[in-house]
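The values are calculated or read from the model by the stated rules, or taken from the named source; none is laboratory data. What you see is a predicted model; the values in this text were computed from it and never measured. Positions of Cβ are generated from backbone atoms using ideal geometry, with glycine treated the same way; all protein chains shown enter the neighbour counts.
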Amino acid sequence: MGKAEVECGEDTIEVVFLTESVFQGRIYVVGHSNDGRCVSRDTGRRTTSITVRKDQCGVAITRSVSSFVIA
């Protein structure tokens, strides 16, 4: 495994993953793997990311002072 960084923009959410070895595969939003707007296909690198719009892919925004949850 590696680490993930999340950046919330005005209209999008980006998750960047840094893996310990070269990534081979795809990243997708659960339940939306067949929607091209909700899928990222990066291979052959240690850094990969997915960016989704806040109004797509079933994204639900929950505001909290001290916790952060990706569901």
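For the condition at pLDDT below 80 and at negative phi, what is the one hit in I70, I61, I50?
On inspection, the qualifying residue turns out to be I70.
For a quick check of your reading of the model, give me the residue pairs whose first member lies in the range 32-51 and is more than 20 Å from C8 (Cβ to Cβ), whose second is surrounded by fewer than 12 Cβ atoms within 10 Å (Cβ to Cβ) and hydrophobic (A, V, I, L, M, F, W, C), with beta-carbon atoms closer than 9 Å and at least 6 apart or on different chains.
Partner pairs satisfying both residue conditions: T43/V22; G44/V22; R45/V22; R46/V22.
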